[in-house]
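Structure first, then comments.
Nothing in this text is a laboratory measurement; each read-out follows from the coordinates by a stated rule. No experiment lies behind these values; they were computed from the predicted model shown. For neighbour counting, all protein chains shown are included, and Cβ atoms are generated from backbone atoms with ideal geometry for every residue, glycine included.
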Amino acid sequence: MMAHLKINFLLALAILCFSNCTKDKASLDYSSSSYPHDVANILINKCATGGCHNDISKDAAGGISFSTWDKLFEGTNSGAVVIPYRPDFSTLCYYINTKTANGPALLPTMPLNKDVLSDEEYTIIKNWIKEGAQNTKGSVKFSDDLQRKKIYVANQICDVITVFDSKTLLPMRYIDVGQLPTQEFPIQVKVAPDRNNWYVSFLSQTTFIQKFDAKTDTYIGKLDLGFGCWTTFDITADSRYGFFVDNSSPGKIAYVDLNSMQILATYTFGGNFMNPKNAVVNSNSTRLFVGTEQGNFIYVLDITDPMNPVIVEKPIDGTSTVLHNQSNDPHFLMKTQDDSYCFIGCEFSNDVRIMDLQTNSVVATLSLPSNPQQMDVYDEYGLLFVTCPEDISSFPGNRGSVVVINYITKTIIKKINTGFQPYGVGVDRSKKIIAVANSNLDSGGPAPHHSTSCGGRNGYVTFIDVNTLDLIPKKRIEVAVFPRCISVRN
């Protein structure tokens, strides 16, 4: 009888203990972390642990703590680990994935030296990110400020735009662009002066340009231009009109109302536009300057009456003879905000020419270490930043440099090693920095930290402090393949 009572007592005690354990586990309070409960149960218990991604150990674990939702979005030493709505670009998914059928899988598998996450746990994290990686209040990171300053990077190979938060210098969104299942290769992204919209053009021969809302980064619609190679464009200072360039030969220029998304006029120059490229419109919309892939001239258009432009070919080599064969090849143009100068990047003669827009004459020619690709101007400092992705002489062992020109003194004042094969460059006036897109396409560059689902070698973005003209340390942010162009929402 005593033995029977003892067994019953032990059984009751076991049931009580088991019930309490179950209750304790189910009632764990994760509210202070701001993660949804099922996500917190994984990230807090399996990732934000001693020696790993907690506040104490984070410096030895990529510099990131998973202890709260806010700290997760502070990113690592090389960028963001979670991109809301995009598990395909969130490295957190890469490191907890053990099945390549799910997407990229990177080593070492996390949690480090512990059991890998189950398929169910992986799916919980992936779906959470796909739905915006919301916190317990339903907030999506970086969605709270419609006037947020941003940096846009066009990734040519992956057909995406990486959107950086200017304040943290972290990628906050990846936006798909294009409309075909095949690659269309975004080549230029540009934020309108009023900051309300941004536009993207493509390297492949398409019929359209796309328009996005810069407040929410959502797709608005497309502008149908007809068949052509509509690679480059510029927008008037009032953000109302655009000039879009067909880089074909013969090419054309479309004058467009950006509010109605309607073509107002098409300039053909009697079929004499030969590979026009990179339009720049002055601040009062009376003159348009357009480069070309071959020749010693640029196109200058008087658009005082934009429906009836007057077009001339303006030599830039000090002669009065127009050459259409390969000579200087002024393919990229940039101007100052006050319309004092137009800067002409010549791909064949490897130089930048400074044109005085009051006299329409070239007042300086500055030789570069290799062919220039893109430029941006920081008027307040009197500086022009020029990317030379094929420069192999300035920094032995590296390919590429950013050349800094003081356009007041008309001298080169510095060459900066920003990374491997820099292409895009953009001035962020709010941060007083210059963002540089380093393509890293050549296998001689640094091995990417990871790969994305679109394949190829990831590039990265670095940042120059305009006050020191030095790189900001520990800010080399990896992005998708071939970051080609940058535009800043200042």
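Summing Lys, Arg as +1 and Asp, Glu as -1, what charge do residues with Cβ under 15 Å from the Cβ of residue 457 carry, residue 457 excluded? Here the charged neighbours net out to +1.
Over every Cα atom in region 372-475, the radius of gyration and the widest Cα-Cα span, Dmax, amount to 13.8, 47 Å. Using the rule -39500 (n - 2.57) for each DSSP H run of four or more residues, divided by the residues of the chain, the 222 nm mean residue ellipticity is -3500 deg cm²/dmol. Estimated at 0.36 nm per residue, the fully extended path between residue 411 and residue 367 surpasses their Cα-Cα distance by 14.8 nm.
Label-to-label distance for residue 109 and residue 183 is 3.1 nm, based on points extended 7 Å past Cα in the beta-carbon direction. In a reduced charge model with +1 at each Lys and Arg Cβ and -1 at each Asp and Glu Cβ, region 30-130 shows a dipole moment near 140 debye about its Cα centre.
Placing dummy labels 7 Å off each Cα toward the beta-carbon, the span from residue 60 to residue 305 is 7.7 nm. The base-10 log of I(q)/I(0) for region 140-264, evaluated at q = 0.12, 0.16 Å⁻¹, reads -0.43, -0.75 [Debye formula, identical scatterers on Cα atoms, solvent excluded].
Semi-axes of the equivalent ellipsoid of region 188-257 are 21, 13, 9 Å, computed as sqrt(5λ) over the eigenvalues of the C-alpha gyration tensor in descending order. Peptides 480-489, 331-340 ranked from most to least packed by the mean count of surrounding Cβ atoms within 10 Å: 480-489, 331-340.
Could you give the semi-axes, largest first, of the ellipsoid that matches the chain, computed as the square roots of 5 times the alpha carbon gyration tensor eigenvalues and rounded to whole Å? Please list the in-between numbers first.
Working: eigenvalues 556, 106, 68 Å².
The three semi-axes for the chain are 53, 23, 18 Å.
Taking the Cα centre of the chain as the origin, how large is its charge dipole in debye, to the nearest 20, when only Lys and Arg (+1) and Asp and Glu (-1) carry charge on their Cβ atoms?
Details: 43 positive and 48 negative charges, 237 e Å.
For the chain, the charge dipole is close to 1140 debye.
Its alpha carbons considered, region 30-130 gives a radius of gyration followed by a Dmax of 12.3, 35 Å. Packing here is the average count of other Cβ atoms within 10 Å per residue, and on that basis the peptides 304-310, 59-65, highest first, run 59-65, 304-310. Projecting the Cα positions of 389, 279, 207 onto the charge dipole of region 150-489 (unit charges on Cβ atoms of Lys, Arg, Asp and Glu, taken about the Cα centre) puts 389 furthest along the positive direction.
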